[in-house]
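Structure first, then comments.
The values are calculated or read from the model by the stated rules, or taken from the named source; none is laboratory data. Just so it is clear, the model here is predicted, and its values are computed rather than measured. FYI the Cβ positions are ideal-geometry reconstructions off the backbone, even for glycines, and counts take in every protein chain you see.
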Amino acid sequence: MSRDILVIGGGIAGIQAALDLAEMDFKVHLVERLPSIGGKMAQLDKTFPTNDCAI
Amino acid sequence: MLDVGRHPNIKLMAYSEVEEVNGEVGNFRVKIKRKARYVNEDKCTGCGACSEKCPTVVPDAFNEGLSTRKAIYTWFAQGIPSTHTIDTEHCRQFQGKKCGICQKVCQADAVEYDQKDKFVELSVGAIVVATGYEVFNPNRIPEYGYKEIDNVVTAIEFERLLSASGPTGGHLYRPSDLKVKEEVPALEKSLKKLSKALERFEKKYGQKSEEFYKALGKEEQGNDPDKAKWAEAYEQKEEVSKRLSEYKAILEKMDVAKKLAFIQCVGSRDIRFYPFCSGYCCMHSIKEAIIANEHEPETNSVIFGMDIRAVGKGFEEYKIRGADHSSITYVRGRVAEIIQLPDKTPVVVYEDTMERVVREEPFDLVILATACVPNKGTKELAGILGIELDRFGFFRTTQANPVDTTRPGIFVCGCADSPMDIPESVAQASAAAARAAQVIVETEMKKAS
Ligand SMILES: Cc1cc2nc3c(=O)[nH]c(=O)nc-3n(C[C@H](O)[C@H](O)[C@H](O)COP(=O)(O)OP(=O)(O)OC[C@H]3O[C@@H](n4cnc5c(N)ncnc54)[C@H](O)[C@@H]3O)c2cc1C
Ligand code: SF4
């Protein structure tokens, strides 16, 4: 039995899931296949509908 | 993003992949491959001296190939982790040529060409899959001329063109003009070389190249190999200088793109490809048109779509604001074809279905709103995890359990499940996290009782 959790993919969804679980005091292993996390959102200039900066 | 790198409860393994999963909810055994970066993560300070000196230039995938990076690189400037990585497919050292420059210049002694992939085995109680999506490849619709027509780009490429940290510093230059700009230095170099060659001939024979060439009968060239070379060099020089002056004329007139066409549902709502609506692309076209107009207030945009799907809090208002304040026109109709004029102007051929007429309209730049499709490697990952895919190739879920996959203890969120925007992805991620926490607590309680 393990309390650890594996999150696969470090885009906005994986980042959010990892942070939520970490805040609940679970130990999280976040695996991302690219050299850095961020996913597609990191490539966006700004986001709708507020035009906030993506990163 | 920063929080993930710093959180004491999160172990971040970037540049890594899941290789094997066994066991069951509460007790999965997982094997992870930590791919060799050939740069020591603990030593690398991210200073960038290595990439500055690296001689190998490679298209930059983060910028969708619209700029270049080096063979030793970071994914993007603010990336986490900021460790550099060597792209062995291009690196001279790994391709058997002499180099080793990055290792020499690294002050931190972090470059390790002999690094090997490492394998990590973990035991976890639950798994959350958040592997996202890929954009539809518009080459599958040849009528749109993607990659054939320089000034047709995808929406994600356009995001990079809009970005202040992108390949053009946020200036909306047309890719055809950028290509010309890029070619000028090489042409200038070749012109210089050819001119020097001609000078040598002129000195040797005491005659101007132009006069020599005019006086020269074609047959004679074959007789004297040296003069044939001279004639050839002269022809080449004429050709290069003609092209160079054409290019310079283009660059003199070069201006940012101010008339934009956005084409909706490229690959989505199309029975030839994906019948579903990708949900977010109407909104990102409106967003991109608004931002382009903020950068350059003379910008006008036309969004061509069957209808505009602005479903979400504040979305309809955003759409209307785009029309009222950012010079966006919405045209109902599907684009049949994009053609290119000799000056590289793309022309959109479409039927305005409100007015029932077929029209052709030139634009500076055409942006394709491509569908959200399953990510590369999704099928393989589904095999490793032992979970099912739906008929489109996304991970299968049901309406009653929208974040549960077909295997207990494995959950999914974001675009790995289906197309959705950022707020929806975040909400689903919180739901998947809660479900993962729940099954662990349940397993613990079962064990205790
Ligand atoms: C042009 C464009 C503009 C957009 N603009 C907006 C906008 O303004 N506002 C908005 O709300 N939405 C916008 N979207 C939608 C937005 O991009 C998505 O909603 C969001 O990125 C989904 O996040 P995700 O984490 O699910 O997927 P992704 O961002 O795709 O992240 C998935 C991550 O998983 C990694 N990964 C994939 N496979 C594996 C594997 N096998 N192992 C390990 N890691 C893996 C990937 O490398 C990636 O880092 C836009 C989309 C496009 C195409
Ligand atoms: S969101 Fe708009 S562009 Fe995207 S598939 Fe749906 S209708 Fe087409």
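Of note:
- If you go through region B:251-269 and keep only what is more than 16 Å from ligand 1 (Cβ to nearest atom) and touching a Lys or Arg at 6+ places or on another chain (Cβ under 9 Å), you end up with B:Leu251, B:Met254, B:Asp255, B:Val256, B:Ala257.
- B:Lys147 vs. criteria basic (Lys, Arg) and in contact with a helix residue (DSSP H, G or I) (Cβ under 9 Å, 6 or more places away or on another chain): yes
- Residue check, B:Phe392 under 23 Å from A:Gly39 (Cα atoms), aromatic (Phe, Trp, Tyr) and either more than 10 Å from chain A (Cβ to nearest Cβ) or within 16 Å of ligand 2 (Cβ to nearest atom) (or both): yes
- Hits in region B:161-183 (condition: of a type in the set (A, V, I, L, M) and either at pLDDT 95 or above or crowded, with 16+ Cβ neighbours inside 10 Å (or both)): B:Leu161, B:Leu162, B:Leu172, B:Leu178, B:Val180
- Beta carbons closer than 8 Å, at least 6 apart along the sequence or on distinct chains, never pair a first residue in region A:1-23 that is in contact (Cβ under 8 Å) with a residue 40 or more places away in the chain and within 7 Å of chain B (Cβ to nearest Cβ) with a second that is among the hydrophobic types (A, V, I, L, M, F, W, C) and away from ligand 2 (no atom under 16 Å from the Cβ).
- Leading residue by the ranking (surrounded by the fewest Cβ atoms within 10 Å (Cβ to Cβ)) among those in region B:1-25 that are more than 7 Å from chain A (Cβ to nearest Cβ) and part of a strand (DSSP E or B): B:Asn22
- Of all the numbered requirements in (1) outside any helix (DSSP H, G or I); (2) of a type outside the set (Val, Ile, Thr); (3) crowded, with 19+ Cβ neighbours inside 10 Å, B:Ala433 misses one, and that requirement is (1).
- Candidates in region B:388-403 are the residues that are buried (at least 21 other Cβ atoms within 10 Å of the Cβ) and out of contact with any helix residue (DSSP H, G or I) (no Cβ under 6 Å at 6 or more places or on another chain); of these, the one that is nearest to B:Asn27 (Cα to Cα) is B:Thr397.
- Options B:Gly377, B:Gly314: the member that is touching a residue at least 60 places away in the same chain (Cβ under 8 Å), within 15 Å of ligand 1 (Cβ to nearest atom) and either touching a helix residue (DSSP H, G or I) at 6+ places or on another chain (Cβ under 9 Å) or not acidic (Asp, Glu) (or both): B:Gly377
- Members of region B:273-282 found to be assigned to a loop (DSSP other than H, G, I, E, B) and either without any contact (Cβ under 8 Å) to a residue 60 or more places away in the chain or within 11 Å of ligand 1 (Cβ to nearest atom) (or both), listed by number: B:Pro275, B:Ser278, B:Gly279, B:Tyr280
- Members of region B:26-83 that are aliphatic (A, V, I, L, M), over 22 Å from the mean Cα position of the chain (by Cα), within 13 Å of chain A (Cβ to nearest Cβ) and not in a strand (DSSP E or B): B:Ala36
- For region B:137-169, a tally of residues being within 11 Å of chain A (Cβ to nearest Cβ) and either hydroxyl-bearing (Ser, Thr, Tyr) or in a loop (DSSP other than H, G, I, E, B) (or both) returns 4.
- Any hit, region A:35-50, residues being within 7 Å of chain B (Cβ to nearest Cβ), aliphatic (A, V, I, L, M), part of a helix (DSSP H, G or I) and touching a residue at least 12 places away in the same chain (Cβ under 8 Å): yes
- Look at region B:240-262: where a residue is closer than 19 Å to B:Lys192 by Cα and touching a residue at least 60 places away in the same chain (Cβ under 8 Å) and a partner is among the β-branched types (Val, Ile, Thr) and surrounded by 14 or more Cβ atoms within 10 Å (Cβ to Cβ), sitting 6+ places away or on another chain with Cβ atoms under 8 Å, you get B:Leu244/B:Val184; B:Tyr247/B:Val180; B:Tyr247/B:Val184; B:Lys248/B:Val184.
- Restricting B:Gly414, B:Gly333 to those that are at pLDDT below 95, of a type outside the set (S, T, N, Q) and touching a Ser or Thr at 6+ places or on another chain (Cβ under 8 Å) reduces the list to B:Gly333.
- Restricted to strands (runs of 3 or more DSSP E) entirely inside region B:327-370, those with at least 3 residues that are of a type in the set (A, V, I, L, M, F, W, C), assigned by TED's automatic domain parsing to the domain that holds B:Arg269 and within 16 Å of ligand 2 (Cβ to nearest atom) are B:365-370.
- One residue stands out in region B:353-374 among those that are of a type in the set (Asp, Glu) and in contact (Cβ under 8 Å) with a residue 60 or more places away in the chain: the one that is surrounded by the most Cβ atoms within 10 Å (Cβ to Cβ), namely B:Asp364.
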